[in-house]
Amino acid sequence: MIQNDDTGLRNDEPVKPEPEIKAKYNSMLRENLRHIFTRTVDDEYYVRSLIYKNIYYRNVRPESVPLFAFDLPGDAPVYIEGYQMLSHIGGTASAPVQLGRMNDSTDLHVCFLTPGEVCGFNYMLTCIDEEWYLLGAVTCFNTYLAFHLKNCHVDVVWEMAGTEIDSRSEYEGEKICLLSSGSKEEVLERYGKMISRFHTPRKSSSKIGWCSWYAYYDIVTEKDIYKNLDMMTNQWPELDYLQIDDGYQTHMGDWLESSDRFTGGLKEICSKILSAGKKIGIWVAPFIVSGSSRLFKEHPDWVVEGSRHHPLAAESITYGGWRDTPWYILDFSVPEVKEYIRSVFSYFHNEMGIDYFKLDALFWGAIPDVKYRDRNLTVCQHYREAMRVIREAVGEESYILGCNAPLWPSLGLFEAQRVTDDVERRHARISEQAVQAEARKWMSGVLWLNDVDCMVSTGVIPDDYNLLKKMLLDSRGPLIIGDPLDKAGSELHDLIKVWRNKVSAAGQEK
């Protein structure tokens, strides 16, 4: 074990003799990986606990702690997961490629890099001499794992986020693993099983319904909802859920205050949806408070603070949001914040009968380096505590879809997780989504149900429609139609039949 503000790695189970690792490229990879990992008792996985030993007579708060480093051949393919759904790295060790629309460094400011350097999180996958290697975090309760790649050199860093460690004590952190196989699919399957041992996935049926966002965006009206409810009842009986997306509220944060486009109020609309024999889904961004909201004006002390204890606008530290800006971030270490969000979601569930929650903008609840009133709370802990409060309010039986979420901090929290960017009716975006869906296909049914966003048929060319269809069926996740139902293509009825057979065969539909 390395001491003096460094880390050690400890196997927390009885071990068997170390098997040969087949890396043939260089001694750095062999020596740095082989000697720190040994097989566990189940003879299938390499797993170690990250250990930080504080030898000082004072408490310490480590931030970024180097673990080890290795080099890769220039032509070795690499895949490094992103911190959240909009980013991930592909390409080769000598020529890495940003695959997603958002860059964790330049766009989201999750990490700060030197020229020519890329950074990813959670796990890294590479292939050397026809052998696939996966090095990754198996748990993500308190801290997380980062991978920095530059000129074929990889630095693996334990992001401890200022975790306080008592003097002369030992801190046991996340578990990490090393897997290898001649098959990429096999190594990913084994990795998923390993994660599931520590973060039990939430099992659920795949949902089917209609969403207002891609039909009307944030200017949706009460009339639009009733029109599509009528269509669901009479022409689309296969659809169970009517999901009301952004636009029903006055401002982000004021979730129980209906906009002037919903003259009868949200509760009355929900009552009519239920009376028609349909179920209700609702969109909420639980961490976000608009600067124009009543909540912000009355409780500016509920949001994350910046310098001199002033409210910290999201745009000053990361991407500032897509509408109703400026955004501020609720601090869940403030007791009143927990009570407010608990009351909002309890009302949605108990008074309005909602049991499908699409939680968006979740990344803002776990922005690295953000400090909360409770300085002992890491970003992962803050995020998971907020999700605990929401789950407690809506019950174990409710269906929660995470969107724009930090991926590994979300392990074990949701029934479904968005794994692609938002759909747009243009080829470039749909092609980008397809890359994301393919890279994360292994997660569906293992970590959560993959959501590849809404299915649209209007305004897309046949090739793009078929690509969306393939993504959906491969994911076996929720089928939510995004077209206005009076314009939706008849081919969607056929797709529903195929989708039902697919998810039924996987045991994911009730």
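Some observations on this one:
- Those residues of region 263-309 which are over 30 Å from Cys454 (Cα atoms) and of a type in the set (Lys, Arg), in sequence order: Arg294, Lys297, Arg308
- If you check Ser258, Ser293 for being crowded, with 19+ Cβ neighbours inside 10 Å, out of contact with any strand residue (DSSP E or B) (no Cβ under 8 Å at 6 or more places or on another chain) and modelled with pLDDT of 95 or more, only one passes: Ser293.
Residues are listed down the side, and each one gets a yes or a no for (1) hydrophobic (A, V, I, L, M, F, W, C); (2) within 14 Å of Leu86 (Cα to Cα):
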site	(1), (2)
Pro406	no, yes
Ser410	no, no
Gln417	no, yes
Asp422	no, yes
Ala428	yes, no
Gly445	no, no
Cys454	yes, no
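- Note on region 80-112: residues that are outside any loop (DSSP other than H, G, I, E, B) and either surrounded by fewer than 20 Cβ atoms within 10 Å (Cβ to Cβ) or within 17 Å of the chain's Cα centre (by Cα) (or both) total 10.
- All conditions in (1) touching a residue at least 40 places away in the same chain (Cβ under 8 Å); (2) out of contact with any Cys (no Cβ under 9 Å at 6 or more places or on another chain); (3) within 28 Å of Asn450 (Cα to Cα); (4) surrounded by fewer than 19 Cβ atoms within 10 Å (Cβ to Cβ) hold for Trp322, with the sole exception of (1).
- Search result, residues across region 404-424 that are touching a residue at least 60 places away in the same chain (Cβ under 8 Å) and over 29 Å from Thr139 (Cβ atoms): Val423
- Hey, Gln436 within 13 Å of the chain's Cα centre (by Cα), of a type outside the set (A, V, I, L, M, F, W, C) and in a helix (DSSP H, G or I) or not: yes
- Failed item, numbered, when Gly162 is tested on (1) small (Gly, Ala, Ser); (2) surrounded by fewer than 17 Cβ atoms within 10 Å (Cβ to Cβ); (3) within 23 Å of the chain's Cα centre (by Cα): (2)
- Asp494, sole failed condition from (1) over 25 Å from the mean Cα position of the chain (by Cα); (2) closer than 16 Å to Leu239 by Cβ; (3) assigned to a loop (DSSP other than H, G, I, E, B): (3)
- Residue check for Val284: farther than 18 Å from Asp245 by Cβ, at pLDDT 95 or above and buried (at least 17 other Cβ atoms within 10 Å of the Cβ): no
- Test: residue in region 464-475 that is surrounded by fewer than 22 Cβ atoms within 10 Å (Cβ to Cβ) and assigned to a loop (DSSP other than H, G, I, E, B): no
The values are calculated or read from the model by the stated rules, or taken from the named source; none is laboratory data. These numbers were taken from a predicted model, which means no experiment stands behind them. Please note: Cβ atoms are built from the backbone with ideal geometry, for glycine as well, and neighbour counts cover all protein chains shown.
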